[in-house]
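Accompanying notes for the structure given below.
No lab work stands behind these numbers, since they all come straight from the coordinates. Since the model is a prediction, treat every value here as computed from it, not as a measurement. Glycine also receives a Cβ, built like all others from the backbone with ideal geometry; neighbour counts cover every protein chain displayed.
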Amino acid sequence: MNDVMILGDVKEGSLDIRTLELLGVGKKLAGDLGVGLSVVLMGDAVSTVAEQAASYGPDRVYKLEHPLLKGVNPDMWLASLQQACKQINPKIVLLSHSLIGMELGPRLACRLNTRLTTDCIDLSIDPEDGLLLRTKPVSGGNAISVFKCPGEPQLATVRANVFDPAEAADGNGEIVDMVPEIDESMITVESIEVVKEEVVALDKADVVISGGAGLGDEDGFEILQDLSKALSKSFGSVMIGCSRVAVDKGWISSDHQVGLTGTMISPDIYIAVGISGAIQHLVGMIKSKKIIAINTDPGCNMFNVADYGVVEDYEKVVPALVKRLEELS
Ligand SMILES: Cc1cc2nc3c(=O)[nH]c(=O)nc-3n(C[C@H](O)[C@H](O)[C@H](O)COP(=O)(O)OP(=O)(O)OC[C@H]3O[C@@H](n4cnc5c(N)ncnc54)[C@H](O)[C@@H]3O)c2cc1C
């Protein structure tokens, strides 16, 4: 059939945003290749989500329902996904670079005797031979490489927040029932525990205030925390981000880093404090709805993408802003 096939993630009974992003890039790749787009959904009850997926205009939504597919049992999901690949015979398979994608991707590649490229930040088709061009950061994020691999299916996991999510389409895709042949004897994983830990979910924040080299030292982040507290009275979730230089200097941990080798985000408001606007930073926050820049250099690149800009030392601007917000609250 040679479709582009994506594996959908379901979250709280609905399609996860990452699936919409996969649908967005999958549609483009399928269009470039002149082939169909298929979505595979797995679970114990995915009928409603299948209808939701179909409304985004893939050609087909394969619905794999089975009691053993409840939750995420990697052995059951892997076996079912392998069977789906056998039936659909896709040219390209895309998984999100999530825990499930990272668990299934390598094992699926091994079973299908093909090559996997993980954590892709760009995907396109080589017009010469129709192979998938897979772009990803390498060498600890110090370089970007484009990979092209022979063999099918062409398999990749895709980083979140890189591609635009698909929009609802006019026509609905066909929903196809597929019965996976799985049973308990195939389970090798004894138990899976979800361990709760503190994570910096920058991509979920409404407002991100990021600090860069211009903060001068780590104490600068305390000033940004004051602004964060003041804004928290008006916004649901306000978080602190940073540039890579701030991480490299040891002022803040790397899970706060925004950008190519950090997190890709699209908050309602992004406040860049003492950040010059290097391209590797911009790709991570350019989709923010409103961008505010505070920088002493009027010629810095961040002002080229900012909706509002203040040319001033942040140590003057931020406390004044906090004071004003407190007066208004
Ligand atoms: C492969 C690769 C991947 C990378 N990935 C990332 C990434 O994911 N994220 C990322 O951020 N970078 C990344 N980088 C690094 C990136 O190229 C830049 O070096 C980095 O973003 C610069 O950080 P910065 O803006 O904080 O520092 P600088 O470029 O040094 O800018 C500091 C800014 O602060 C301003 N300033 C100084 N004093 C003040 C003050 N008192 N008040 C207000 N403003 C002031 C200055 O005018 C300047 O504009 C990557 C680089 C490579 C090669």
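Tell me, in nm to one decimal, what length is gained between residue 11 and residue 185 on full extension, where the rule is 0.36 nm per residue of separation less the Cα-Cα distance?
59.9 nm
Can you spot the lysines whose alpha carbon is less than 23 Å from residue 289's alpha carbon? Ignore those fewer than 8 places along the same chain.
Qualifying lysines at Cα under 23 Å: 204, 229, 233.
Between residue 167 and residue 304, what length in nm is gained on full extension when 0.36 nm per residue of separation is reduced by their alpha carbon distance?
46.5 nm
Take every DSSP beta bridge with both residues inside the chain and express the antiparallel ones as a percent of the total, to the nearest 5.
If I count the DSSP bridges inside the chain, around 20 percent turn out antiparallel.
Which lysines does residue 63 reach when only Cα atoms under 21 Å apart count, and residues fewer than 8 places away in its own chain are ignored?
Residue 63 reaches 11, 27, 86, 91.
If R₀ is 25 angstrom, what is the calculated FRET efficiency for the pair residue 232 and residue 204, using the beta carbon separation as r and rounding to 0.05?
Efficiency computed from Cβ-Cβ geometry: 0.95.
Is it possible to state the helix-based mean residue ellipticity at 222 nm for the chain, with each DSSP H run of 4+ residues giving -39500 (n - 2.57), the sum divided by total residues, to the nearest 500 deg cm²/dmol? What is it?
Mean residue ellipticity, 222 nm, calculated: -9000 deg cm²/dmol.
Please report, in debye to the nearest 20, how large the charge dipole of the chain is about its Cα centre when each Lys and Arg carries +1 at its beta carbon and each Asp and Glu carries -1 there. Could the numbers behind the result be given before it?
On the way: 28 positive and 47 negative charges, 97 e Å.
In total the dipole reaches around 460 debye.
Please work out the Cα center distance from region 272-306 to region 24-81, rounded to the nearest Å.
First find each Cα centre; the distance between them is then 38 Å.
Tell me, what HN-Hα J-couplings in whole Hz come from the Karplus equation 6.51 cos²θ - 1.76 cosθ + 1.60 at θ = phi - 60° for each residue of region 41-47, using x for Gly and Pro?
After applying 6.51 cos²θ - 1.76 cosθ + 1.60, I find 10, 10, x, 7, 8, 10, 4 Hz.
Order these by the 10 Å Cβ neighbour count, fewest first: 125, 279.
279, 125
Which angle from 0 to 90°, rounded to the nearest 10, does the C-alpha axis of helix 17-33 make with the longest principal axis of the chain?
With rounding to tens, the tilt is 60 degrees.
If each residue's Cβ is checked for other Cβ atoms within 10 Å, how do 221, 147, 163 rank with the fewest at the top?
Ordered from fewest to most neighbouring Cβ atoms within 10 Å, 221, 147, 163 come out as 147, 221, 163.
Please check: in the Gaussian network model of the chain (C-alpha springs, under 10 Å), which one of 99, 20, 282 has the largest mean-square fluctuation.
Maximum among the listed residues: 99.
Quick check: the angle from helix 220-232's long axis to the longest principal axis of the chain, C-alpha only, nearest 10 degrees?
Roughly 70 degrees between the two axes.
Does region 197-329 come out rounded, prolate or oblate by the C-alpha gyration tensor, with a ≥ b ≥ c the root eigenvalues, rounded set by a/c under 1.5 and, if not, prolate when a/b is larger than b/c and oblate if not?
rounded
Which value, in debye to the nearest 20, gives the size of the charge dipole of region 202-328 about its Cα centre, when Lys and Arg are +1 and Asp and Glu are -1 at the Cβ?
420
Which of 290, 91, 316 moves the most in a Gaussian network model of the chain with Cα springs under 10 Å?
The residue that fluctuates most here is 316.
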